[in-house]
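The values are calculated or read from the model by the stated rules, or taken from the named source; none is laboratory data. Worth saying up front: this structure is predicted, and the values here are computed from it rather than measured. Counting neighbours? That spans all protein chains shown, and the Cβs are built from the backbone with ideal geometry, glycine included. The accessibility values were calculated without ligands, DNA or RNA, using every heavy atom of the protein model including side chains. Shrake-Rupley method; radii C 1.70, N 1.55, O 1.52, S 1.80 Å.
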Amino acid sequence: MNYSQQNLLKNIDINHLVSELWALRGKSNIDAAEKIAERSRIPLKWIDKIPSLNGEKGTDKLMAERGVLLLRNRTSPFIEQFQHPLGRCAKFYKLTAYNNCNFWCEYCYLYLTFRTSPVSTHFVNYEKMFKELIAFDNADIPAALRVLNLGELCDPLAVEDITGFAGQLIPFAGERLKRTRLLFLTKSDNVQNLPVLPHNGKSIISFSINTNRVYHDLEHRTASPEDRLIAAQQLQNAGYEVRLRIDPVFIYEGWQEDYLDLVDTIFRSIKPSRFTIGEYRPSKGLVSHIKSRFPESSLIKINGSLINDGTKLRYPEMKRVAAFRTIIERIMQYDPEMKISLCKESPTIWKQLGMNMNGLCCNCLG
């Protein structure tokens, strides 16, 4: 990242991720949109169509995409099953309340996922969502798959202070869902109202956390690792199940000490119910999207040193096994019975680490 962009990122107020609130005329629940505008005190702009954003570059592009929150109704199902193209993931279910994210992580795969529709979006036809939740809860679904992941296509708590969405969904799940739980995956500490909600054990909060160096260099506008752990402790004290993801793991000079220190810091704050660990594994097409937003990103050089693995780029097996082993062994020193899984890794890597893929206890499962 060049100095001017880095300096600008440091000076942006992380407490105001959203500077513009839009709603799509004729395609947004008016009452819900107006309530969000009133809550956020951001003027609501009604638009007839989403403007093209193809000309912007760098920070201007990020502000145009992720400084905006578009409110609209969802016509596709809210609940869908995830299918990994290489079969390296359990077929968990996802609940899509948002598309895209208002954080500015340089490695974010959503730049590629939403390349044709990059404006961060919140779906406000909640009644349709709630009906689907009741239907899912009544359906014949295996127990391990009765967790709905809200974090596959967004960070569901990043703009909670704007939308108040989790403040409505968590009590609904606590009261109305009998066999289904919700999974909120976040890099936010935006949980001020969650401890007092009647969650009834139906909501899981999973924090994605990384080393201080990764945070400072690559995870712009997110909460710091320290603040995420403070939020995790608050929620654990309020009876929520708290899970952790250390993902993506980066290999750089001094990574061993940093990740060992991260594990030590975690266990000084909380005892998560499980860990899921994954490496940096960008899609091949992601690099051009990183360049258009962060033209001097260190990831551009890193990507050039990775190896091909289907549609992904990965660290060589020896390096990532060493990284996983370092982190896992430290976790086991604190809790030999801790549930630990690898995210989207091949059976070969699991085997080299002496890990059993039977009875998966991944982040996205029950």
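The figures follow:
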quantity: Protein-only accessible surface order, largest first, of 305, 297 at 1.4 Å; calculated: 305, 297
quantity: Estimated inter-spin distance, residue 292 and residue 227, nm [label 7 Å along Cα→Cβ]; calculated: 2.9 nm
quantity: For the stretch 94-105, 3J(HN,Hα) per residue [Karplus equation, 6.51 cos²θ - 1.76 cosθ + 1.60, θ = phi - 60°, Hz, x = Gly/Pro]; calculated: 10, 10, 9, 9, 9, 10, 6, 9, 8, 6, 10, 5
quantity: Extension gain, residue 143 back to residue 60 (0.36 nm per residue minus Cα-Cα distance, nm); calculated: 25.4 nm
quantity: Rounded, prolate or oblate (a/c below 1.5 giving rounded, otherwise prolate when a/b exceeds b/c) for the stretch 86-175 by Cα gyration tensor; calculated: oblate
quantity: The chain, accessible surface, carbon-and-sulfur percent (1.4 angstrom probe); calculated: 49 percent
quantity: Accessible area of the stretch 98-239 divided out per residue, in Å², using a probe of 1.4 angstrom; calculated: 35 Å²
quantity: For the chain, share of DSSP beta bridges that run antiparallel, in % to the nearest 5; calculated: 25 percent
quantity: Prolate/oblate/rounded label for the stretch 211-366 (Cα gyration tensor, a/c 1.5); calculated: oblate
quantity: Span from the the stretch 221-240 Cα centroid across to the the stretch 193-210 one, whole angstrom; calculated: 9 Å
quantity: For the chain: relative contact order, % (alpha-carbon pairs under 8 angstrom, 6 or more apart); calculated: 16 percent
quantity: About the Cα centre, charge dipole magnitude for the stretch 152-210 (Lys/Arg +1, Asp/Glu -1 at Cβ), debye; calculated: 400 debye
quantity: Label-point separation in nm, residue 325 to residue 81, each point 7 Å along Cα→Cβ; calculated: 3.7 nm
quantity: Vicinal HN-Hα couplings computed from phi for the stretch 357-365 (Karplus, 6.51 cos²θ - 1.76 cosθ + 1.60; Hz; Gly/Pro x); calculated: 7, 6, x, 3, 10, 6, 4, 8, 10
quantity: Loop-resident sites, the stretch 57-135, for trypsin sites (Lys or Arg not before Pro), counting at most 14 other Cβ within 10 Å (DSSP); calculated: 57, 91, 115
quantity: Distance between modelled label sites at residue 176 and residue 46, nm, 7 Å Cα→Cβ extension; calculated: 2.7 nm
quantity: For the stretch 199-215, Karplus couplings with θ = phi - 60° (6.51, -1.76, 1.60), whole Hz, Gly/Pro x; calculated: 7, 6, x, 9, 10, 10, 10, 10, 9, 8, 9, 9, 6, 4, 5, 4, 4
quantity: Exposed-loop-free span, longest in the chain, where GluC sites (Glu not before Pro) count as exposed if DSSP calls them loop and at most 15 other C-beta atoms lie within 10 Å; calculated: 1-252
quantity: Residue-span extension gain [residue 91 to residue 344] - 0.36 nm each, minus C-alpha spacing; calculated: 89.9 nm
quantity: Entries of 35/128; 61/128; 91/291 with Cα pairs more than 26 Å apart; calculated: 61/128; 91/291
quantity: Efficiency of FRET from Cβ geometry, residue 300 and residue 25, R₀ 25 Å, rounded to 0.05; calculated: 0.05
quantity: The stretch 192-258 shape via C-alpha gyration tensor axes, a/c threshold 1.5; calculated: prolate
